[in-house]
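The values are calculated or read from the model by the stated rules, or taken from the named source; none is laboratory data. On a predicted model such as this, the values are computed, not experimentally measured, just so you know. Note that each Cβ is placed from the backbone with ideal geometry, even for glycine, and that neighbours are counted across all protein chains shown.
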Amino acid sequence: MLGLESDFTFYFNISVISFGPYLTRRGKPESLRSAISYTGFVLEFASENCSGTVPLYFIKDDDGAFEDLSFLEKDLICDVQLFRRAFAEPMAGRPHPLQHLLAALYLNHKPATPLTEFVTAIREHIPLKTGYNKRRPGFGGLLKEEFAEAGFELIDLWQYGRTLQVSFGWIFPQDRPNPRSRLCLYGGAFVCTPTPDRTLGKGKWMMPLNVIVGYLFATMLKKMCHGKNPVEMLTDQGKEIALEKFKWTQVSLLTPKELRNARIEFVRQHRSQHQSPKELAKAMMNEGLYSDTVEVYAITKQLPRLIEAAKDKKP
């Protein structure tokens, strides 16, 4: 069973996909709904126990990105079933994201066609627009050679408090020679907490839900690291750029012990505000003793322990 996304998940009989999946040109299906646009292609696959010929569509109100490619529930036959939550109504023509079907196939059935080969065929034959995940100008060449040769590229650096999220994309072979092309598929991410000695520290993988193609690429990238610190995927230049993008604050420049001592000392010096926890919490935030992403309420919950510690601290 795969993880839930929206209100359904896929189940398959256990079998190896010995044929496909392949992308095949096929004529327009009958009784096409006005809300969807047929791409002119179908996904074909087969095993001993199941097979499928699944027309691919775009929802007309969507952007036309890879993530917008869809199929209709009625086109799944044989041993492929959709299990719904109890409140969901049966809708034989309901569209679902293609990447959900691909995730189910590749996680459970070891298809004959590699994932990279199949999505490359989609890029070759179906016009795609840039989706939510985009290549970033100037971010090429920031991963070590083995990861770049596999098609991966750094696409985003996002800071949340003391944490830096480093995100990757998988670049279609057709687009790799052209740095101006923004197209890519999500390839996973790791987070790290830069340390006071101004290094990125140890990275921790942030795996997406296992119902999207991004999970498959993230798994591929993680496997290539062989259990090592994912920060080491970056070149020296990549690490420098990541550190340049990180906004250093008092919180990030102090060790946990130093930061706790600084908070206790601040509380000790502001005894007059002990009876006004909300005001004291705001003052500590303004002093830079908490990240700007921390809620005032969360700080007030910590204050009783800090006040108690401040009583034991000599002036």
Problem set entry | Which listed residue, of Leu243, Leu303, is touching a Pro at 6+ places or on another chain (Cβ under 7 Å), modelled with pLDDT of 90 or more and either outside the structural domain of Ala189 (by TED's automatic domain parsing) or more than 24 Å from Asp197 (Cα to Cα) (or both) | Leu303
For this session: Working only within the stretch 283-299, note down all residues that are crowded, with 16+ Cβ neighbours inside 10 Å, farther than 14 Å from Gly161 by Cα and of a type outside the set (A, V, I, L, M, F, W, C).
Result: none
Exercise. Just checking, which of Lys222, Lys311, Lys257 is of a type in the set (D, E, K, R) and under 30 Å from Asn133 (Cα atoms)?
Worked result: Lys222
Exercise. Looking at (1) among the polar types (S, T, N, Q); (2) in contact (Cβ under 8 Å) with a residue 60 or more places away in the chain; (3) within 29 Å of Tyr290 (Cα to Cα), which is the one condition that is false for Thr199?
Worked result: (2)
Seminar exercise, completed: Per the filter on the stretch 164-185, residues surrounded by fewer than 18 Cβ atoms within 10 Å (Cβ to Cβ) and among the polar types (S, T, N, Q) are Gln165, Gln174, Asn178, Ser181
Problem set entry | Scan of the stretch 127-162 for residues that are more than 30 Å from Arg25 (Cβ to Cβ), over 16 Å from the mean Cα position of the chain (by Cα) and modelled with pLDDT of 95 or more, ordered by number | Leu142, Leu143, Lys144, Glu145, Glu146, Phe147, Ala148, Glu149
Seminar exercise, completed: Conditions (1) at pLDDT 85 or above; (2) over 29 Å from Lys222 (Cα atoms) -> Asp62 fails only (1)
Problem set entry | Some residue of the stretch 210-226 being without any contact (Cβ under 8 Å) to a residue 60 or more places away in the chain, on the phi > 0 side of the Ramachandran plot, not polar (S, T, N, Q) and not assigned by TED's automatic domain parsing to the domain that holds His109 | yes
